[in-house]
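Peer 1: Here it is, the structure in full.
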């Protein structure tokens, strides 16, 4: 009973509710569209939505990394640029090693992928080093600087060029964006991979001592330090992992963009990663949030974008705008609700005391 | 009403927060030109009471009569306009602004839309001079000592022509000397006809300064007395609601081998040539004025900062490159001075706070074993008699004394051999103080070495086996025998030497 009660009060429950309401609205709108002849056939059904989730789950890996950073009360706005730099190196290294062979070279691809992930981790390490070494600077400012640095580095490597890869070996990366057929359902491959990783992150953050320490740092890093926790070391490695996850995201992006690499391939994508984590209950104050919440948020963003784009035919810009509005409302909503509840309680009690006083006087 | 002799009367004040009655029909009155001290344990409702007077909280019942006129304090600005000013323990309002800016914030002297700097600095200087505060109006407040910051706050209150001045634990962060200065100023203001409401846990403040005393306990009004009619045991009895037979329960212990030794430890700008030892079963007091470098030395020992030179030996072994993690693993615990900032995660439960320093002990492999965790925290809660419904209670909801016990529990969970306590009873009520002293005594008798940094001389003298006194970054005196030691002996050693 207690458990059910606390679940009903939890942020995750609110998110599920939000998701259900959105689905209901989209379903109705979809039916209306069909009935009025605006669209030929229904688009909002499970299999179709699931299949269309692919682009929205591209940055999910970045969200996993961002959760660590936000749980510690920091922020990393360079993750998009890290992803870009990682895949740019991937392209450059592959070009060098494969030497333009028609068939491509699997060995070269493996090596290039390894370098790509390594670059991601190293970029994260640079962030981690700067954040732990220069505590007087805000992580926001540090990662703003490294973001510009990583971007500049990407341009330094390939300039305004687009590296395109036609060989079948490299093209195999786009397999990462294919659909997995299970019976009637077509599932984007990124989703099961994400879920597997999310389980790992869930256990790490919510079940292990190390995860507890990450949240402790976000709650009060000074007190955590005085408790004998190696705050800087944990911070450093979380930034490394965030960088690594950006590189992973980058690899999915390459497959998505018809096997071509540009020096701005993932610019701005850190915002989606942050948005999903924040809607999931994480905050830059640190110390809170859950992997489950962030996962539900990724689904919510996917559904909203799908629904607004395909059912309400919003242009892309309007879809982004709406996502922003949802984010603000859902993050502010609970605060406003609590305020209102408190005010009501105080009013009630005051009326009560006034009545008591009046009775006493009479 | 025969209320004409009072400038302030508060009758039957009741304040209810969701779930708690913070004030239950309490009374208070204040004459012009008196210092009226309000005492009670943490959580007795003193702060809430002050906040109903300053308009931060609206009372749910009762009346406030100011100069014979019934008033409603709708907000802090109204209270200010009616001549009520408050200064708090952590005084600095705007550490990055100058002294003059802090004094006149909200009512700056202006020429058109522009601030009249020369006039503001001049007026600030006048106010500061009137309380003998030798401060530059243009200095930034953050660069001042806490004591000087208090003076700025007082000047600020004077600038608003306050007739009622509330001082909330003004001496808690002050050294003896700074406290004396503050007493002088408070007396002078009283003689000018200002009514002062003082909140304090320190009996030196209460008996040295106040004219009348009002006691609150558990949100209730207990009584008001002339201080000349009462003594310390009487007040303690009414604050705590029971007799405290022995405030300083010091046990005789067997002093064992040397556990911690500092040799010529120096850190430029903070302390130099520090030689100290702590032995098993011993309580060592480390005192001196605030800013003498006591905390700084111990922070270096605990590994928070690095000393420039000198050696630290722990259990006979020289320690290099110390960090809190490493020192805790070796068996050193530290209770930081600022328990809310450095000691506790206030939004976390007692259970989670206690286990944080020893998570390795509560894990199966990588995974947290909640059973072990609860067992450990439950044991600690019982051992230290932490007053809370369960160990799932948030530490932010506890009283100061109980919070301090949780910080102690956190350190004890790691089973240290030496424990450094930095101002362990600061802002703690008298009942909890006695409890903390008892814990210290017990620990020492179990063979722990305890180093207690403290500015409160009675506790230093009564609890310590040995005392080090620091002044201006150096150890100026060591007292190996505390029998018959007086506060003056210690103060003499703590004063900066005149060139």
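No lab work stands behind these numbers, since they all come straight from the coordinates. On a predicted model such as this, the values are computed, not experimentally measured, just so you know. Backbone-built Cβ (ideal geometry, glycine too); neighbour counts: all protein chains shown.
Peer 1: Residue A:348 to residue A:321: extension gain in nm, 0.36 nm per residue of separation minus the Cα-Cα distance?
Peer 2: Working: separation 27, 0.36 × 27 = 9.72 nm, distance 3.96 nm.
Value of the extension gain: 5.8 nm.
Peer 1: Could you give me the percent of Cα pairs per 10 Å distance bin for segment A:141-299, shortest bin first, beginning at zero and ending with the bin that holds the maximum distance?
Peer 2: Answer for segment A:141-299: a P(r) of 9, 30, 32, 21, 7, 1 percent.
Peer 1: Next question, about the same structure. How high is the relative contact order of segment A:41-313, in percent, with contacts defined as C-alpha pairs under 8 Å that are six or more residues apart?
Peer 2: 39
Peer 1: Moving on to the next point. Using alpha carbons only, what's the Rg to Rh ratio of segment A:124-169 with Rh from Kirkwood? Please list the in-between numbers first.
Peer 2: Details: Rg = 15.5 Å, Rh = 12.6 Å.
Rounded to two decimals, Rg over Rh is 1.23.
Peer 1: Just counting partner chain Cβ atoms within 10 Å, what average do the residues of peptide A:225-237 show around their Cβ?
Peer 2: That works out to 6 on average.
Peer 1: What fraction of the Cα pairs in segment B:53-131, stated in percent, has a spacing above 20 angstrom?
Peer 2: 49
Peer 1: Arranged by the count of other C-beta atoms within 10 angstrom, fewest first, what order do B:69, B:415 take?
Peer 2: Sorted ascending by nearby Cβ count, the order is B:69, B:415.
Peer 1: Using only the alpha carbons of segment B:188-285, determine the length spanned along each of the three principal axes and report them from longest to shortest in whole angstroms.
Peer 2: 53, 37, 25
Peer 1: Using a Förster radius of 30 Å, what is the FRET efficiency between residue B:143 and residue B:119 based on their Cβ-Cβ separation? Nearest 0.05, please.
Peer 2: Efficiency computed from Cβ-Cβ geometry: 0.80.
Peer 1: For peptide A:206-212, how many partner chain Cβ atoms fall within 10 Å of a residue's Cβ, on average?
Peer 2: Rounded to a whole number, the mean comes out at 6.
Peer 1: Can you sort A:69, B:419 from fewest to most other Cβ atoms within 10 Å of each residue's own Cβ?
Peer 2: Fewest-to-most ranking of A:69, B:419: B:419, A:69.
Peer 1: With no solvent and one equal point scatterer per Cα, compute the Debye intensity ratio I(q)/I(0) for segment B:118-242 at 0.20, 0.23 Å⁻¹ and report its log10, rounded to two decimals.
Peer 2: -1.16, -1.41
Peer 1: What is the distance in Å between the Cα centres of segment A:99-173 and segment A:220-256?
Peer 2: So the two Cα centres are separated by 17 Å.
Peer 1: Roughly speaking, what is the centre-to-centre gap between segment B:394-453 and segment B:259-296 when only Cα atoms are used, to the nearest Å?
Peer 2: So the separation of the two Cα centres works out to 19 Å.
Peer 1: Same structure, new question: Considering the Cα positions of segment A:212-264, please state its Rg to one decimal place and its Dmax as a whole number of Å.
Peer 2: 17.0, 51
Peer 1: Follow-up. Would you work out the relative contact order for segment B:3-240, in percent, from Cα pairs under 8 angstrom that are 6 or more residues apart?
Peer 2: 28
Peer 1: Which whole-percent values make up P(r) of segment A:41-313 when all C-alpha to C-alpha distances are grouped in 5 Å steps starting at zero?
Peer 2: For segment A:41-313, the pair-distance distribution reads 1, 6, 13, 16, 17, 15, 13, 9, 6, 2, 1, 0, 0.
Peer 1: Which residue, A:301, A:46, A:165, has the most motion in a Gaussian network model of chain A that connects Cα atoms within less than 10 Å?
Peer 2: A:46
Peer 1: Angle between the Cα long axis of helix A:79-98 and the longest principal axis of chain A, 0 to 90 degrees, nearest 10?
Peer 2: Long axis of A:79-98 versus the principal axis of chain A: about 20 degrees.
Peer 1: Quick one: plug the Kirkwood hydrodynamic radius of segment B:343-415 (C-alpha pairs) into Stokes-Einstein at 20 °C, 1.002 mPa s, and report D in µm²/s.
Peer 2: The calculation lands on 181 µm²/s.
Peer 1: Restricting to chain B, what percent of DSSP beta bridges are antiparallel, rounded to 5? Before the final figure, lay out the partial values.
Peer 2: Working: 47 of 83 bridges.
Expressed as a percentage, antiparallel bridges in chain B total about 55.
Peer 1: In nanometres, what is the gap between the two model label sites at residue B:257 and residue A:271, each 7 Å from Cα along Cα-to-Cβ?
Peer 2: In this crude label model, residue B:257 to residue A:271 measures out at 6.5 nm.
Peer 1: Write down the percent of antiparallel bridges among all DSSP beta bridges whose residues are both part of the protein assembly as shown, to the nearest 5.
Peer 2: Working: 55 of 91 bridges.
Of the beta bridges lying entirely in the protein assembly as shown, close to 60 percent run antiparallel.
Peer 1: Take the alpha carbon gyration tensor of segment A:1-73, find the square roots of its eigenvalues, order them as a ≥ b ≥ c, and report rounded if a/c is under 1.5; if not, report prolate when a/b exceeds b/c, else oblate.
Peer 2: oblate
Peer 1: To continue, here is another question. Using only Cα atoms, find the angle between the long axis of helix A:209-219 and the longest principal axis of chain A, and express it within 0 to 90 degrees, rounded to the nearest 10.
Peer 2: Roughly 60 degrees, rounded to the nearest 10.
Peer 1: Now for a different question. What is the ratio of the Cα radius of gyration of segment B:3-240 to 2.2 N^0.38 Å, where N is its residue count, to two decimals?
Peer 2: Cα-based Rg divided by the globular estimate yields 1.02.
Peer 1: Please work out whether segment B:391-499 counts as rounded, prolate or oblate from its C-alpha gyration tensor, where a ≥ b ≥ c are the square roots of the eigenvalues and a/c under 1.5 means rounded, while otherwise a/b larger than b/c means prolate and anything else oblate?
Peer 2: Since a/c reaches 1.5 and a/b is larger than b/c, the shape of segment B:391-499 is classed as prolate.
Peer 1: Here is a further query. How far apart, in nm, are two points set 7 Å out from the Cα along the Cα-to-Cβ line at residue A:161 and at residue A:332?
Peer 2: Using points 7 Å along Cα→Cβ, the separation is 4.8 nm.
Peer 1: Compute the distance in nm between two label points, each set 7 Å from the Cα along the Cα-to-Cβ direction, one at residue A:32 and one at residue A:172.
Peer 2: For the pair residue A:32/residue A:172, the computed spacing is 5.0 nm.
Peer 1: Could I ask something else about it? Just want the ordering: B:482, A:132, from fewest to most Cβ atoms lying within 10 Å of their own Cβ. Walk me through the numbers on the way to the answer.
Peer 2: Numbers: B:482 19, A:132 16.
Ranked by crowding around the Cβ, least crowded first: A:132, B:482.
Peer 1: How high is the FRET efficiency between residue A:283 and residue B:96 when r is their beta carbon distance and R₀ equals 25 Å, given to the nearest 0.05?
Peer 2: It comes out at approximately 0.45.
Peer 1: What number, rounded to the nearest 500 deg cm²/dmol, is the helix-based mean residue ellipticity at 222 nm of chain B, given -39500 (n - 2.57) per DSSP H run of at least four residues and division by all its residues?
Peer 2: Here the helix-only value at 222 nm equals -9500 deg cm²/dmol.
Peer 1: Could you tell me how many degrees, from 0 to 90 and to the nearest 10, lie between the Cα long axis of helix A:60-71 and the main elongation axis, the longest principal axis, of the Cα atoms of chain A?
Peer 2: 50
Peer 1: If I take every Cα pair under 8 Å that is 6 or more residues apart in chain B, average their sequence separation and divide by the length, what percent do I get for the relative contact order?
Peer 2: 16
Peer 1: Then there is this: Over every pair of different alpha-carbon atoms in chain B, take the mean of 1/r and invert it; report that Kirkwood radius in Å.
Peer 2: Radius from the Kirkwood sum: 24.4 Å.
Peer 1: Just the projected area, averaged over all directions, of the convex hull on the alpha carbon atoms of segment B:439-499: how many nm²?
Peer 2: Its Cα hull, projected and averaged over all orientations, spans 4.6 nm².
Peer 1: A follow-up question, please. Take the Cα gyration tensor of segment A:218-362, multiply each eigenvalue by 5, square-root it, and list the three semi-axes largest first, rounded to whole angstrom.
Peer 2: Taking √(5λ) for each Cα gyration eigenvalue gives 44, 27, 9 Å.
Peer 1: Next question, about the same structure. Please find the FRET efficiency linking residue B:273 to residue A:193, where r is the Cβ-Cβ separation and R0 is fixed at 60 Å, and quote it to the nearest 0.05.
Peer 2: Result of the calculation: an efficiency of 0.45.
Peer 1: Could you sort the peptides B:24-37, A:183-196 by per-residue average Cβ neighbour count (10 Å cutoff), highest mean leading?
Peer 2: B:24-37, A:183-196
Peer 1: Let me ask another. Need one word for the protein assembly as shown: rounded, prolate or oblate. Basis is the Cα gyration tensor (sqrt eigenvalues a ≥ b ≥ c); a/c below 1.5 gives rounded, then a/b vs b/c decides. List each step's numbers first, then the result.
Peer 2: Numbers: a/c = 2.10, a/b = 1.59, b/c = 1.32.
Since a/c reaches 1.5 and a/b is larger than b/c, the shape of the protein assembly as shown is classed as prolate.
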